[in-house]
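Reading through the structure tokens given below for one structure.
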Amino acid sequence: MAEANGKAVDLKTNFLQIYSRLKSDLLDDPAFSFTEDSRQWIDRMLDYNVPGGKLNRGISVVDSYEILKEGQLSNDEFFFAGVLGWCVEWLQAYFLVLDDIMDNSHTRRGQPCWFRLPKVGIIAANDGIILRNHIPRILNRHFRDKTYYVHLLDLFNEVEFQTASGQMLDLITTHEGEKDLSKYKMPVYNRIVQYKTAYYSFYLPVACALLMAGETLDNYVDAKRVLVEMGTYFQVQDDYLDCFGDPDFIGKIGTDIEDFKCSWLVVKALEIADEDQLKILEENYGKSDPACVTKVKSLYKDLKLQAIFSEYERTSYEQLISAIEAQPSKQVQEVLKSFLHKIYKRQK
């Protein structure tokens, strides 16, 4: 176990070194004449928003590529897989910076959201656009001579479009002006999650590794389906932790109830609540008053949603393992299992 932990620490250290190199390249991009102020701004903005998370998505590109290659990666192979991993992290940073503005969030990864910093504010919207534009700059610099370069561009563009469309579904379903719980049904929830989270968090890292390994993505439609299902399971966990997780441990204060979010918990509650319980939800869900939030949480406990979630987690795991073991490629099976084991029964 100690050896595995040591390997993970080394991997993260080496992965972070690639970030420093990419940042340095971007701060000297010949397409823009930086002033000292603008260089310092981008430097600080990147350090605040890009490398601060768990880095699971980015490191998964390296892990997946290593499994597909069936052995230790050369320094060059590690570097290129790491660059693609950081492109996934840059995409995540771009989404989160803008997402936090749209959701009016307060904390992210245990610190104030970028736009909440006194000298940042709405400049964060442009920072999000810059983060998004860094991705093709990085891809062009390191992959333009690769045979799969155009496929990488297509992949990132498609996944970005899917994620932005998922965010749009989320925003129009949870529209502030018209708080209508009748819209919150499981098919609606699943569609939002699939597009907003699953494609970029689960499919994208594996697709990057497959392209690097010389594979054609059209041959892995079934693996893509499994990854999207895994992404749905991951988001259900997220929704559960938003309400029942420890804020100090998960690094953010959950606000799904106050924000009238189409969360798995409220969708499930709406399915099983009786008339009186539905009335409690109607009167209290989506209100920032702490007393209303407490009423919703205690209703969730009365409905035994913690036990229902545990059962959902168990059956999801079994179904995913069964779908993974049906994959024809043993390497792809191993990639999918490594993803699943990272998230099963996670606490943050």
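The values are calculated or read from the model by the stated rules, or taken from the named source; none is laboratory data. Computed from a prediction, not measured in an experiment: that's the story for all the values here. Quick reminder, even Gly has a Cβ in these numbers, built from the backbone with ideal geometry, and neighbours come from all protein chains shown. To get the accessible areas, we keep the full protein, side chains included, count just its heavy atoms, and leave off ligands, DNA and RNA. Shrake-Rupley method; radii C 1.70, N 1.55, O 1.52, S 1.80 Å.
Miscellaneous remarks
- Odd one out for residue 276 among (1) open to solvent by 40 Å² or more (accessible area, probe 1.4 Å); (2) under 25 Å from residue 184 (Cα atoms); (3) touching a Phe, Trp or Tyr at 6+ places or on another chain (Cβ under 8 Å): (3)
Each row is one residue, and each column tells you yes or no for (1) open to solvent by less than 20 Å² (accessible area, probe 1.4 Å); (2) in a helix (DSSP H, G or I).
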{"site": "249", "(1), (2)": "no, yes"}
{"site": "257", "(1), (2)": "yes, no"}
{"site": "271", "(1), (2)": "no, yes"}
{"site": "316", "(1), (2)": "yes, yes"}
{"site": "331", "(1), (2)": "no, yes"}
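- Meets criteria (of a type in the set (Asp, Glu) and under 23 Å from residue 316 (Cα atoms)) for residue 242: yes
- One residue stands out among those in the range 17-69 that are closer than 30 Å to residue 330 by Cα and hydrophobic (A, V, I, L, M, F, W, C): the one that is nearest to the chain's Cα centre (by Cα), which is 55.
- Residues located in the range 282-318, provided they are of a type in the set (Val, Ile, Thr) and without any contact (Cβ under 8 Å) to a residue 12 or more places away in the chain: 294, 315
- Residues that are modelled with pLDDT of 95 or more and part of a loop (DSSP other than H, G, I, E, B) were ranked within the range 125-182; the one that is least open to solvent (accessible area, probe 1.4 Å) is 148.
- Count of the range 131-146 residues which are farther than 21 Å from residue 215 by Cβ and in contact (Cβ under 8 Å) with a residue 60 or more places away in the chain: 5
- Checking 280, 308, 321 one by one, the residue that is assigned by the TED database to the domain that holds residue 222 and closer than 23 Å to residue 180 by Cβ is 280 and no other.
- In the range 320-329, the residue that is surrounded by the fewest Cβ atoms within 10 Å (Cβ to Cβ) out of those that are more than 17 Å from residue 68 (Cβ to Cβ) and either under 22 Å from the mean Cα position of the chain (by Cα) or hydrophobic (A, V, I, L, M, F, W, C) (or both) is 326.
- Extreme residue, most open to solvent (accessible area, probe 1.4 Å), among residues of the range 112-122 that are part of a helix (DSSP H, G or I) and farther than 23 Å from residue 24 by Cβ: 116
- You will find that of 213, 209, 291, 198, the residue that is over 27 Å from residue 111 (Cβ atoms), outside the structural domain of residue 100 (by the TED database), buried (at least 21 other Cβ atoms within 10 Å of the Cβ) and modelled with pLDDT of 95 or more is 209 and no other.
- Residue list for the range 168-193, filter: within 22 Å of the chain's Cα centre (by Cα), under 17 Å from residue 270 (Cβ atoms) and without any contact (Cβ under 8 Å) to a residue 40 or more places away in the chain: 187, 191
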